[in-house]
């Protein structure tokens, strides 16, 4: 199998692991920086070029597209889809996952448990939205934020109003979300490949912090999931349309609630915590499913 890994940096842990996993299994693998690709969008002969070379002959592509390059990265991935190359995650699904509001709306429509979430544009509506999510403390999230950046815990109504006013003044789009107190600064990262959870870890925020992201100094440990948590993670990934996903879950008094479905989940933390070869599982998934023109959306959407 000839495999393309869309990644800006070959030196990143996840990229290196995927390259090694592919080569260990006898595949030809190549890291391609999507920002150095350019495309010929035509009916007769669509093509992708990389630093002057036309890219041809690939069987599958594993997208590792960072949030900051979502627009161009998914455009490149769509071009691969147009050429009949099998994507481990499709461009449409990645775009859905990157839009926090859209993904929550899709999950809610399918009955997936979520924290109560509000969105408002006018300052006149803020009081009602705060009340709607259960009052302070509450969590404020920039829709475009990643890795815990742009996430604020407002512990009092006055603090919530001040932060919301500041965000709205900057023309930022924010979600106002129920604070799940009983989670106590911990969440579950369930790693989904295909139709099953292949690994899970509990992430615990450091003292004085409520964000459990390992990038924010959180610690990780192996998590044993309940059948309901496993089902929730798999269903959430399926609703967004992702074959490979990191599903972040909080344990609430009314069952598991999904915080986010990540389309490019990092491998370093969860591989080290669980001691599982997740990179190998992703490559094997690509090998099993790679067929020409198998993309469901065929570059559309």
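The values are calculated or read from the model by the stated rules, or taken from the named source; none is laboratory data. Just so it is clear, the structure is predicted and the values come from calculations on it, not from any experiment. As a convention, Cβ positions derive from the backbone with ideal geometry for all residues, glycine included, and neighbour counts pool all protein chains shown.
Do we have residue 233 as outside any loop (DSSP other than H, G, I, E, B), at pLDDT 95 or above and touching a helix residue (DSSP H, G or I) at 6+ places or on another chain (Cβ under 7 Å) here?
no
Residue 269 is checked against (1) closer than 21 Å to residue 63 by Cβ; (2) over 19 Å from the mean Cα position of the chain (by Cα); (3) at pLDDT below 95 and fails just one. What number does that condition carry?
The number of the failed condition is (2).
For residues that are buried (at least 20 other Cβ atoms within 10 Å of the Cβ) and either at pLDDT below 90 or out of contact with any helix residue (DSSP H, G or I) (no Cβ under 8 Å at 6 or more places or on another chain) (or both), tally how many sit in region 181-201.
Adding up the residues that qualify gives 2.
Are there any pairs, at least 6 apart or on different chains, whose C-beta atoms fall under 6 Å, with the first in region 121-138 and not assigned by TED's automatic domain parsing to the domain that holds residue 170 and the second surrounded by 11 or more Cβ atoms within 10 Å (Cβ to Cβ), and if so, which?
Cβ pairs passing all conditions: none.
Mind counting the residues in region 165-182 that are farther than 24 Å from residue 205 by Cα and not in a loop (DSSP other than H, G, I, E, B)?
The total comes to 5.
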